[in-house]
Every structure is written in C-alpha cells, then in structure tokens.
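Asks: Please find one structure pasted underneath; my questions will follow.
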Amino acid sequence: MPKGTNNIYMFDQWKKANKNDDGEVIPLFSITDEDDGNVEKEVYQDTLPLLALKNTVLFPGQVIPITIGRTKSQKALQAAEKGDKILAVIAQRELNVEDPQINDLFKVGTIAKIIKVLKMPDGNTTAILQGRKRFELEAIVSETPYKKAKVQPIGLTEIEDLMEFSATISSIRDLAKRIIELSPHIPSEAIMMLQNIKNDNFLLSFIASNLNISIEEKQTILTIDNLADKAKSILTQMDNELQLLELKDQIESKVRGGIDKQQKEYFLNQQLKTIQEELGQNPQTEEIKKLEERAAKKQWPDSAKEAFNRELGKARRINPQMAEFSVTLNYLELLLDLPWDEITTDNFDLNNVKSVLDGDHHGLNKVKERILEHLAVLKLKGDMKAPIICLVGPPGVGKTSLGKSVANSLNRKFVRMSLGGLHDESEIRGHRKTYIGAMPGRIIQSLKKVKSSNPVFILDEIDKIGKDFRGDPSSALLEVLDPEQNGSFYDNYLELEYDLSKVLFIATANSLNTIQPALRDRMEIIQLSGYSTEEKIQIAKKHLIPKQRVNHGLKAKDINLPVKTIEKIVQEYTREAGVRSLDRTIGSVMRNVAKKVAMETEYNPRITPSEVNSILGPTKVSLDKYTKVDVPGVAVGLAYTSVGGDILFIEASKSKGKGRLNLTGNLGDVMKESATTALSFIKAHSESLGIDPEIFDTIDMHLHVPEGAIPKDGPSAGITMLTAITSCLTGRHIQSHLAMTGEITLRGKVLPVGGIKEKILAAKRAGIKKVILCKENEKHILEIEPEYLKGMEFTYVDTMNEVLEHALNS
C-alpha cells in the first residue's frame, strides 16, 4: 500500500453504494499526523482531471470508495491512474444533471489521490480515493475525452485563540461520543476510533463527513478556511443532531413502555382466563347466557328476534379479547333495552285531561283542543296514527312546558330532544356499526331511556337545525315526522325498522321561515301568540308566584302580591311576549322578602305598587300611553312586535317645496311603499277630499314615526299614514282616542293584517277607546276574550274612503 497508510482505521461499512452513479459513501480511512504536515508542502499541477460526485463531499484526509458510472468519469480516472494518480474531486449541485458544467458544480473541492482501483464482480469500477488538499475551481479547460479543470489549491489560516479552539475540540469529542451511543446504526467501536484520532484537522474532517446533514451544509463546512470557525460550525450541527436523537430516544422509550404494558395485560388476561376455565367460571359465557334469558322473556317483532339470534351466534364465535366482541355485546343489549311493543296506557278520561291541561297552562286553547280531539278519536277507534304538531310562537310562551303537561295529562312518558345547532345527520339516524364509537341516533336512544314506544316526544327548536358538509338533519327528520313513513323508521346503527307511529311528536319553533318547506308540510302548525297583560297577571297568580314562593322557602303568609302590584311589574319591568322575564322579576321580589324573613325583620307581607320601585329599582320599560293631540296630521297606529303589541304615533307636516315626500324614523322598505301609496291615492282623489290638486307642486310632505332608533317595517300602518297625510293637507283633526291598523292599495281597498290580538290589547293598555280595522279582521276580534275588550269600540271598513270618514272630524 502507498506510504502513509500504516495507521488505517475502519469506521463503518459502506453506505448506499449506487451501482450506476457516483454514490453516497461513508469515509473509511485516515492519514497519519506525519502525513498531515507533508500535505501542506505538496505541489500539484494547475490542470487536473475532474471527477464530479453526486451524493457526497470529499474532505481532506478522508479515504472513500467511489463507484464510477459515467463514461467521462471513468476516462478521467484512467488518465489520472496512468499519470501521477492525482485528480480533482468536486460535488455537483443537482443530482439529476448527467453532464455538469461549471455552474452546476460547487466552487470548492478536494484534490484526491488514487489509492486503488477495483473491478467489481458486477462489472463496475470502484476507486478508493484519499483526500489531500482543498482547491478552488477556476475553470473547466477541456470537456473531451474527459473533464479537465484549472484549480487553485487553498491553504488554512492561522488559529488566533488556541485555548478556545482546544475547548471546542473537547466539546466536539464529547458530543460525538454521545451521538454514537444514541445512534443505533453506528457501531460502538467508533468511540475507540475517535479516541485514536489525534490530529484536530482530520478529526473535524472525519466528523463533518459523517454528520447527518445535507450536501449543501457539508460543502459550506468544506469552504471554511479557519479551523476554529470550522470547529464552531461543526459543533452547532452536532448539537442539533444530538437534540434530535435524544427526542427520538424519548419517543421510542414511551412506545416501548406502552407495548410492554399491553403485553403484560394480555399475559395476565390469558392467565386469568385459564384460571377461570379451571374453576368453571367464564364471565363471557355467563354474560351471553344472561342475554339469552332476557331475550326469552322479551316481546318483540320477528325481525328483531332474528337479528338478535344472528348476532348472538356471532358473539359466541368471537374471541372475547377482540374489540368486535364488545361492539356486538353493546348491539345485543340495545336490542333488548328497546321498548319494541311496550306502551303505556293512555288516560281516556277527557274531562280529567282537560282539567290537567287547564291547570298547568293558562290559555293556549287551540293546542289543548287538538290534543283532546286526538284522544277522542283514539278512544272511539282504538288505534290512530299520532299527529305531528308544531307549536310556533315567541320565546317564553310555554311551548316546551306544554309538552310535559300533555304527557302528564295523557299518562305518557315524556322525552325532550333539543335540535338547536344540530348539524350531523347521524344524530337522527345513528352511525353505522363499522365506525369506531358508533351509536344509535338520539331518537332511538331516547326511546330506550324512557322504555316506552308511545311517549310524548318534544322536538325543541326545530327551526334552528343547522346544515353543512356533515349532512342535513332536517331532511332526516322528514321520515321521522311523516305519519305515513315513521311506522318503519330505519336507524343506521340498529339496522332494523322501528315503529314510531305511536309516538306523539310535538315540535316547537320561534319562526316558520327557517324550517324546510317539505318538513313544514308534514306538521300541523299551531300559532301561539304572546300573552296579554291580563293573561300574564293570571299566569303569575296561578303558576309563577306559587312556584317562586316554594323555590325561595317562603310560606303563603310571608308574601302577598295584589293584582295592581303584579300589573305594575308586568308593565313597567318586563317587555316580552312570554313570561320568562316576569318569572325572574318575581323571583327578585321573593328574594327581597326571604332576606327579611331570614333576618327576622318586621315587614308588611302585602307589597303595594309603590313599594315595587324600592325593591326592583327604577322602571325598565316606558309604556306608550295615548296623549291627546290638538294639531292635525298626527294619527295613532297599532304595531306588532316580537314582545307583543304597541301603539305607534305617525306625524305628518307640510312645508313649501317642490312636491317631495320625506320619510324619517328608521322605516323599512314596505313601510316606505305604504307612505308612497297613501300619497298617490290622495293625489288621485284630491278633489273629492277637498284638497287643491295644484298644492302638491308647491309643498313638500314630511312623514315621521318617533323612536327613530327602533327599526320599523310592515304594511299595517297604511291606513294610519293615509289618515295622517289627509289630516295635514285638509286641516281636519283626527278623532281623539282613536287607533287604526290595515294595509292599503292604490285601488282604495283596505286589506287585513296580522297580530290583531296583540295590537288590540296594546291599544286598551294605552287608553285607546276606538279602533278602525279591515272587515276581514273581525273574525280575529271574536277570538279575543270579551272581558279584555270592555270599553272599546270597533269600526270595520272595506275602503280607504270609509277610513277617512270615520277617522277625521267634519
């Protein structure tokens, strides 16, 4: 072997020897300290054969085997071997370039000496090269028959701080030892190998070539001229690699611990199983036997029985340790727990049912009547598909609690399922058993919970069902809520048809607008309006006050709320269609009294209206009261809001101008159109109304609705706007204590509007004595309790001219 190879250290076997390319390798040998001094004195030719490497960087002092694949590379090797065995070795930037040019190569490479050329059994040529000295590539002077390059050898610069350099080298040795210990693919003999390397320059080159970093990062280290800077760069890379290895070691330790635990548990379970079999105890067999005993007593359809026997046979064949065993067991238990043919006996005493419903809820007569009708038919016929009822109304009017009351009156079980925010169709139909954690839909789960096939089932907030990429639950409800289909409801988990026709479904909603039309078509819609003040007073007396008194630990003698006090609380401290806020406010009064009772303070149990302010603070709601107006152009309309009815003042004025109509008061498009329609009608009939037609070209009209911060819209203010504008233009006063509501047309017709009950009750509270309505709204007046209409006079009209005749003074 050539001189200088007497101290040869084997580091590791070759790695990734590419047969057809210049493959990535691991350095095998080093030169001696004696040779290291001679290298710097060696002189090389300016032009050398050039060998481009694809997957590695050759460092000075390293001996590596290279498998030669490219023709030009083989010829360069042959030329060097015939000469002084010296050639220039440099790494190329891109691996896929077969004939690299100067821009495809890095600028710095290593002058190498050919140690030996081997002919491999597969016909390839492998050269063992020894790195000698770095060079800078200046130019490629020849391309054929092989690449020849003009090179400039590069030396090393002096180390300024030898002490710091020695400390860095010591740290590198320590890190290298730790990396070898943590790396499973590096043999432990490498630690001894590192200890035998005394030359610092070679140590740095040796470690840099073996770092698990990219070719670009290795090339960067090769270009550093100062050994101290090179040592710091290598130390940084080694620190990063050590951190990665330590993290991998931690993860592998956790995984090994988890596997060991599983193996231990499996071994113990097998031992336990063997012991139990020896003692004649097998919990799985006993569990299956219990299921068989329950099934023998179960009354269910043949389809359910067949499915149970089929799954039971499967459970006997499955290894109890497998996950499928518990899935099958859960399915069998569900089949047994479902109330297939189990129903409760209905209470057919209709008078008793009516008294229970009346006792629990004030008003809501339409709903109560529908329930009684259903029971009456069921009593006479013996069998009838339950109706699907949808209660629509504002929050707090008792839609949900009514369902519980219906269940109590019928002697049925009660189930409530909230649909608000529901997005996943599987919540209704269930998941298929193939999924991990699969379970039946909430309808089947609810029936399993109440153990009855004919409960009262409340589908709460059906108008707030979501719809997204996970499915459309409202479409899944189409089958549930169709009396013609729900006798064979299919749940994906159950994989059987279940009869829901005996279930009395009651859906609740605040609005019909967001309910899917097909779903809305399957339900009987019953509109629930908000409560009047009078109804709220009765509800407070019969239900809210007794309930809050019990909740606060008070006795009947501890508190007395007269009707006037309740009325003040309703009108001045709550503004809602339902009674939730009223319930909370009464609770505040109860807490005030409870404090006095607990502190044994003397007080008067009778709370007068004047005392309410001291308990609840200043009034929170200002109730609109009618105030007499002495100027023309101000009319009173009636409005319907989400919290009940209200009165609305509409003011009209005229000023010099060019015939414009100004509308203010935060009005919606429909309300603005009503104002435009009213003015157009007045212009068309100006002469019959006693108005000079030419005046419209010389004045501007201004229509204003007070409380501009509140948005207002709807067609029901049409006749009110007509009356206000006509009064302003003619100078005729509007009758006092008069309010009106109705839609108008250009033909002069008055059309009916909604929310009549709430509007009329609001008018009475405000002190209105006369109301003008469309003739077709008369039927709605007849639905209101006569006691709420005492002292009020109603005028029904068909045309806009009739409105003006009754509204304006002569």
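Asks: In this structure, is residue 294 modelled with pLDDT under 80, part of a helix (DSSP H, G or I) and either open to solvent by 70 Å² or more (accessible area, probe 1.4 Å) or within 22 Å of residue 183 (Cα to Cα) (or both)?
Replies: no
Asks: Suppose we filter region 89-103 for residues that are open to solvent by 40 Å² or more (accessible area, probe 1.4 Å) and in a loop (DSSP other than H, G, I, E, B); how many remain? Write out each step before concluding.
Replies: Residues of region 89-103 open to solvent by 40 Å² or more (accessible area, probe 1.4 Å): 93-96, 98-99, 101-103.
Among the residues that remain, those that are also in a loop (DSSP other than H, G, I, E, B) are: 93-96, 98-99, 101.
Of the residues in that region, 7 qualify.
Asks: Please verify whether residue 565 is under 24 Å from residue 363 (Cβ atoms) and touching a Lys or Arg at 6+ places or on another chain (Cβ under 9 Å), treating the condition exactly as stated.
Replies: yes
Asks: Next up: Can you run down the residue pairs with Cβ atoms below 6 Å, 6 or more apart or on separate chains, where the first is in region 790-810 and open to solvent by less than 50 Å² (accessible area, probe 1.4 Å) and the partner is part of a loop (DSSP other than H, G, I, E, B)?
Replies: 799/748; 800/748; 808/732
Asks: Kindly indicate whether any position in region 682-689 is modelled with pLDDT under 90, part of a loop (DSSP other than H, G, I, E, B) and at positive phi.
Replies: no
Asks: Moving on to the next point. Pick from region 563-578 the residues that are touching a residue at least 40 places away in the same chain (Cβ under 8 Å) and open to solvent by less than 20 Å² (accessible area, probe 1.4 Å): which of them is farthest from the chain's Cα centre (by Cα)?
Replies: My answer is 565.
Asks: Checking residue 459 against (1) touching a residue at least 40 places away in the same chain (Cβ under 8 Å); (2) within 30 Å of residue 311 (Cα to Cα); (3) not in a helix (DSSP H, G or I): exactly one of these is not met. Which one?
Replies: So the condition that residue 459 fails would be (2).
Asks: Quick one: residue 474 ticks every box in (1) within 26 Å of residue 525 (Cβ to Cβ); (2) in a loop (DSSP other than H, G, I, E, B) bar one, so which box is it?
Replies: All conditions are met except number (2).
Asks: Could you check how many residues of region 681-703 are in contact with an Asp or Glu (Cβ under 8 Å, 6 or more places away or on another chain) and surrounded by fewer than 17 Cβ atoms within 10 Å (Cβ to Cβ)?
Replies: 1
Asks: Could you tell me which of the residues 694, 776, 673 is more than 53 Å from the chain's Cα centre (by Cα), of a type outside the set (Ser, Thr, Tyr) and in a helix (DSSP H, G or I)?
Replies: Selected residue: 694, the only one of 694, 776, 673 that is more than 53 Å from the chain's Cα centre (by Cα), of a type outside the set (Ser, Thr, Tyr) and in a helix (DSSP H, G or I).
Asks: For region 443-485, enumerate the residues that are within 16 Å of residue 339 (Cβ to Cβ) and of a type outside the set (A, V, I, L, M). Give the derivation first.
Replies: Initial filter on region 443-485 (within 16 Å of residue 339 (Cβ to Cβ)): 443-457.
Correct list: 445, 446, 448, 449, 451, 452, 453, 454, 455, 457.
Asks: Identify all residues within region 199-214 that are within 54 Å of the chain's Cα centre (by Cα) and under 19 Å from residue 154 (Cβ atoms); write none if there are none. First the steps, then the outcome.
Replies: Kept after step one, since they are within 54 Å of the chain's Cα centre (by Cα), are these residues of region 199-214: 207-214.
Once the filter is applied, which keeps residues that are within 54 Å of the chain's Cα centre (by Cα) and under 19 Å from residue 154 (Cβ atoms), region 199-214 yields 208, 209.
Asks: Checking residue 361 against (1) in contact with a His (Cβ under 9 Å, 6 or more places away or on another chain); (2) open to solvent by 60 Å² or more (accessible area, probe 1.4 Å): exactly one of these is not met. Which one?
Replies: Of the numbered conditions (1) in contact with a His (Cβ under 9 Å, 6 or more places away or on another chain); (2) open to solvent by 60 Å² or more (accessible area, probe 1.4 Å), the odd one out for residue 361 is (2).
Asks: Related question: Taking region 215-238, which residues are assigned to a helix (DSSP H, G or I) and either exposed (fewer than 13 other Cβ atoms within 10 Å of the Cβ) or free of Cβ contacts under 8 Å to residues at least 12 places away in the same chain (or both)?
Replies: Correct list: 216, 229, 236.
The values are calculated or read from the model by the stated rules, or taken from the named source; none is laboratory data. Remember, predicted model here, so these are calculated numbers, not experimental data. In this analysis, Cβ positions are derived from the backbone assuming ideal geometry, glycine residues included, and neighbour counts consider all displayed protein chains. Ligands, DNA and RNA are excluded from the accessible area calculation, which covers all protein heavy atoms including side chains. Shrake-Rupley method; radii C 1.70, N 1.55, O 1.52, S 1.80 Å.
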